[in-house]
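Engineer: Starting off with a structure, shown below.
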Amino acid sequence: MKSNCFPLALAPAYSNLEIVEVVAGHGLKTRLGDMGIIPGAEIKLVSPATTGPVIIEVKSCRLALGRGVAQRIMVIEKPKLEG
């Protein structure tokens, strides 16, 4: 795991992220993988609520994840594109 990664639940608002690892059992990894949440996938944090679900955008689709699940998804911040 990369040393500068952190849980999705702690990501800054509206940040562009890359998934590094999903720290979960086989069942949850499979379910998230079916939604496109896999290592290497690029996502955008749409709504980083302090309570309730975390809303992300994956491949032009918005998904709501529980905070417990968001704590298990390790990410790194991607640089913002200029232009």
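Engineer: Do we have any residue at all in region 26-38 that's exposed (fewer than 13 other Cβ atoms within 10 Å of the Cβ) and either within 24 Å of LYS80 (Cβ to Cβ) or among the aliphatic types (A, V, I, L, M) (or both)?
Structural biologist: No, every residue in region 26-38 fails to be exposed (fewer than 13 other Cβ atoms within 10 Å of the Cβ) and either within 24 Å of LYS80 (Cβ to Cβ) or among the aliphatic types (A, V, I, L, M) (or both).
Engineer: Continuing with the same structure: How do the strands (runs of 3 or more DSSP E) wholly within the chain filter down when requiring 3 or more residues that are touching a residue at least 60 places away in the same chain (Cβ under 8 Å) and touching a strand residue (DSSP E or B) at 6+ places or on another chain (Cβ under 8 Å): which remain?
Structural biologist: 16-22, 73-77
Engineer: Mind listing whichever residues of region 43-65 are touching a helix residue (DSSP H, G or I) at 6+ places or on another chain (Cβ under 7 Å) and farther than 13 Å from ALA9 by Cβ?
Structural biologist: Within region 43-65, none qualify.
Engineer: Are any residues in region 45-83 aliphatic (A, V, I, L, M) and modelled with pLDDT under 85, and if so, which ones?
Structural biologist: Hits for region 45-83 are ALA49, LEU81.
The values are calculated or read from the model by the stated rules, or taken from the named source; none is laboratory data. Since this is a predicted model, take the numbers as computed values, not measurements. For neighbour counting, all protein chains shown are included, and Cβ atoms are generated from backbone atoms with ideal geometry for every residue, glycine included.
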